[in-house]
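Written below as structure tokens is the structure these notes are about.
The values are calculated or read from the model by the stated rules, or taken from the named source; none is laboratory data. For clarity, every value in this text was computed on a predicted model and none was experimentally measured. Note that we place each Cβ from the backbone using ideal geometry, even for glycine, and neighbour counts take in every protein chain shown.
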Amino acid sequence: MEFRLNKLGYRVFGKTKNEHDTLDSLMYEYPDLVMMDIILEGETDGIQLAKKILKKKDIPVVYVTGHTDDLTLERVRETSPSGFIIKPFSDDDLRVTIELAYNKK
């Protein structure tokens with residue numbers, strides 16, 4: 001993902017795999033966008049983590065996942081995401097989703 005984002009001209013400031021690392025990194029950085037996988041290490045999933053992030057900061061969240069079941073989509077809707085990319089995806093899918101997410105700011 002980082003390689004693809006860099007190839008498209010975006011700068012990746014960091015990548016994390018769990019709630020603690022993500023929230024810790026957001027104490028020091030204010031990214032333009034958060035790309036959030038729904039499956040994370042630990043007990044907290046990406047949807048729960050996005051809710052925590054959105055309570056603290058106004059940062060667009062784009063979900064990247066292979067999960068499209070009704071329950072997941074219902075939970076995702078509660079966070080009003082700026083985008084949703086279904087794996088596998090193309091560079092064009094990624095670029096268009098990010099550009100649209102920036103326009104929502």
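Which residue pairs have Cβ atoms closer than 7 Å, lie 6 or more positions apart in sequence or on different chains, and pair a first residue in the stretch 68-85 that is under 20 Å from Leu33 (Cα atoms) with a second residue that is at pLDDT 95 or above and among the polar types (S, T, N, Q)?
Listed by first residue and then by second, the contacts come to Gly83/Thr97; Ile85/Thr97.
Tell me yes or no: at least one residue of the stretch 15-27 is over 13 Å from the mean Cα position of the chain (by Cα) and hydroxyl-bearing (Ser, Thr, Tyr).
Yes, the conditions are met somewhere in the stretch 15-27.
Give the stretch 53-77 a look and list any residue that's closer than 20 Å to Tyr30 by Cα, surrounded by 15 or more Cβ atoms within 10 Å (Cβ to Cβ) and not aliphatic (A, V, I, L, M), or say none.
Pro60, Tyr63
In the list Ile38, Ile53, Ile47, which residue meets the criterion of being under 21 Å from Ser90 (Cβ atoms) and under 14 Å from the mean Cα position of the chain (by Cα)?
Working: Ile53 fails: under 21 Å from Ser90 (Cβ atoms); Ile47 fails: under 21 Å from Ser90 (Cβ atoms).
Just a single option satisfies the conditions, and that option is Ile38.
Do you know which of the residues in the stretch 78-97 that are under 23 Å from Gln48 (Cβ atoms) and among the aliphatic types (A, V, I, L, M) is surrounded by the fewest Cβ atoms within 10 Å (Cβ to Cβ)?
Within the stretch 78-97, the match that is surrounded by the fewest Cβ atoms within 10 Å (Cβ to Cβ) is Ile86.
Give me the residue from the stretch 24-38 that is in contact with a Ser or Thr (Cβ under 7 Å, 6 or more places away or on another chain) and outside any helix (DSSP H, G or I) and, out of that set, surrounded by the fewest Cβ atoms within 10 Å (Cβ to Cβ). Spell out how you get there, then give the answer.
Looking only at the stretch 24-38, we keep the residues that are in contact with a Ser or Thr (Cβ under 7 Å, 6 or more places away or on another chain), and these are 25, 37-38.
Add one more test, that the residue is outside any helix (DSSP H, G or I), and what stays is 37-38.
Details: Asp37: 16, Ile38: 19.
Here the residue is Asp37.
Gly42 fails exactly one of the following numbered conditions: (1) at pLDDT below 95; (2) not in a loop (DSSP other than H, G, I, E, B). What is the number of that condition?
Going through (1) at pLDDT below 95; (2) not in a loop (DSSP other than H, G, I, E, B) one by one, Gly42 breaks only (2).
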